[in-house]
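Below you'll find the structure, written out as structure tokens, and then a few comments.
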Amino acid sequence: MLAAAAASAVLLLTTPASAAAPTPGAAGAGDTYYPTYGNGGYDVTHYDIRLKYQPATDRLEGTTTILATATQDLSRFDLDFALPVSEVLVDGHRAAFTTSGEQELVVTPAAPLAKGSRTTVVVRYAGVPSSVSRYGFTAWLRTPDGGVAAGEPESAWWWFPSNDHPSDKATFDVSVLVPDGTQAISNGLLVSQRSQLGWTRYSWRQDRPQATYLATLALGRFDITTGTTASGLPVLNAYSRDLGANDGAARASVERTGELVDWLSGYLGPYPFDSVGGYVPNVTTHFALEAQTRVFYSPAQFAAGSNTSVVVHELAHQWYGDSVSLDRWSDIWLNEGFARYAQWMWSEHENEGTAQELADYVYASHPADDPFWTVKPGDPGPDAQFDIAVYDRGAAAVQALRVAVGDDAFFRILKGWPAEHRYGNATLDQFRSFAERISGKPLGPLLDTWLFTPARPAAGPGPATTALAAAPAPAEPRSWQKIHEADHR
Ligand SMILES: [Zn+2]
């Protein structure tokens, strides 16, 4: 690749454009799990998303301005998007566009884009997101008083055009005009809120790099609470005014965000962003999502009472997943294994079962012939990406790592990894190298056994002296049910 790039650079310098013919950007980012997600040929640095939303009809009108840099000489490029588009401008000039496949918006600029050039793409669009289905589903959650965009790995297509892959992170401004009385919730800081002639504009800013699936939008009638953590971080939470019997339990959980993020900081290092919080819209789904700085929770997660465990899980993702993001979806263990492990640490803190007891219970409660062990947390495949094994076996793998390297090295790894790759992307291979460097121990066989072998490990996740396979099954840890009733997928 280096040699080829050097050769074409020489051609560019010595011969006019015809010698280095611009080519189309790839229609995917090269992810083996989701070949069409994301695109090639450019790198986005910023999204400016300006919307108008009418809750009564679910009609969304938008203009998104994308700042990007071409990474090759580009004759055309794709965005990922699903709403009807009326106009595309590239550097101020009208561009031709068409759609392809499920979510490709194919843009042909009036003139090719030179490699390394910075470009501005404006896309105008309007539609009813809840009426748009892709791959047989919609990630736009219609509510009685509005709508919500939250989903993994897909959610952007229903509200802004993007390079929809976590390997291309960017900063965001999201500004939404809604009728007075409706609130618009998104990521980061609320930088302004102005009402005029019956409409209110909410402007949000996320000034740290953010993956597209971690951008979120909620439109509806919310009660917004604000405060600061003990460490001084701004907190903003939002609750649908229509949570009914779940309202108290939702608030009793999410209002503890400040306390829990400060507690997590002790293990994971300084919180990476300049705001934190969550929102609970009146949706009927059953998952939570670690939207950056503003976690999405379904009311159903609080139907059995308050649940701080799910809050800990989603907040742990702010380090493991949001600040340090996947470069490819197959490395999902880097997100879910550690977010689940944070729940285990919280269980231990609350005296409801230690991480070791929880890991032992995972091992003992799934016999060797349980299909649970056929899922490889280190490469589960797209259909099992959010399988329970990615979480429970994934967290048991973290415990096995802890036992292997000892607590001192383990907690240096846990805190050091988010610092090493802050605001960036990283792979499971890089994690293995990092953990080996910090611990001074070879970890290949251990991680292969726990993450990449479709079978129950011969030994449990505890110290070698524990003969778990032969021991009577340990009692269910007290936190077990609460951890699992909040499973986010
Ligand atoms: Zn998670």
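Read-outs: derived from the displayed coordinates by stated rules, not from any lab. As the structure is a computational prediction, the values presented were derived from the model and not from experiment. Every residue, glycine among them, receives a Cβ derived from its backbone with ideal geometry; neighbour counts consider all protein chains shown.
Structure above, values below:
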item: Tail fraction, Cα-Cα pairs, region 26-220, threshold 21 Å, whole percent; result: 47 percent
item: Theoretical gain in end-to-end length, R94 to Y33 [0.36 nm per residue, Cα-Cα removed]; result: 18.6 nm
item: Alpha carbon convex hull of region 325-485, volume per residue in cubic angstrom; result: 113 Å³
item: Potential extension, R134-A303 segment - 0.36 nm per residue separation minus Cα distance; result: 57.8 nm
item: Efficiency of FRET between Q481 and A368 - r from beta-carbon atoms, R0 35 angstrom, step 0.05; result: 0.90
item: For the chain: Kirkwood Rh in Å [reciprocal of mean 1/r, alpha carbons]; result: 23.6 Å
item: Region 157-250: Cα Rg divided by the 2.2 N^0.38 Å rule of thumb; result: 1.19
item: Sequence ranges 212-224, 373-385, ranked by mean other-Cβ count within 10 angstrom, highest first; result: 212-224, 373-385
item: Calculated FRET value between D223 and A21, using beta carbons and R₀ = 51 Å, to 0.05; result: 0.35
item: 0 to 90° range, to nearest 10: angle between helix 407-420 axis and the chain longest Cα axis; result: 0 degrees
item: 0 to 90° range, to nearest 10: angle between helix 2-14 axis and the chain longest Cα axis; result: 10 degrees
item: Sites A473 and A419 - FRET efficiency at Förster radius 45 Å, r taken between beta-carbons, to 0.05; result: 0.70
item: Relative contact order [Cα under 8 Å, 6+ residues apart], region 325-485, whole percent; result: 35 percent
item: Extreme residue, positive dipole direction of region 325-485, given options L401, S347, T374 (C-beta unit charges); result: L401
item: Sorted by Cβ density within 10 Å, fewest first, the residues R241, R422; result: R241, R422
item: Kirkwood hydrodynamic radius of region 169-310, Cα pairs, Å; result: 15.5 Å
item: Helix axis angle, 333-349 relative to the chain longest principal axis, alpha carbon, degrees; result: 40 degrees
item: Region 391-481 pair-distance distribution - Cα-Cα, 10 Å bins, rounded %; result: 14, 44, 31, 10, 1
item: Helix-only CD estimate at 222 nm, as mean residue ellipticity for the chain, using -39500 (n - 2.57) per DSSP H run (n ≥ 4); result: -8000 deg cm²/dmol
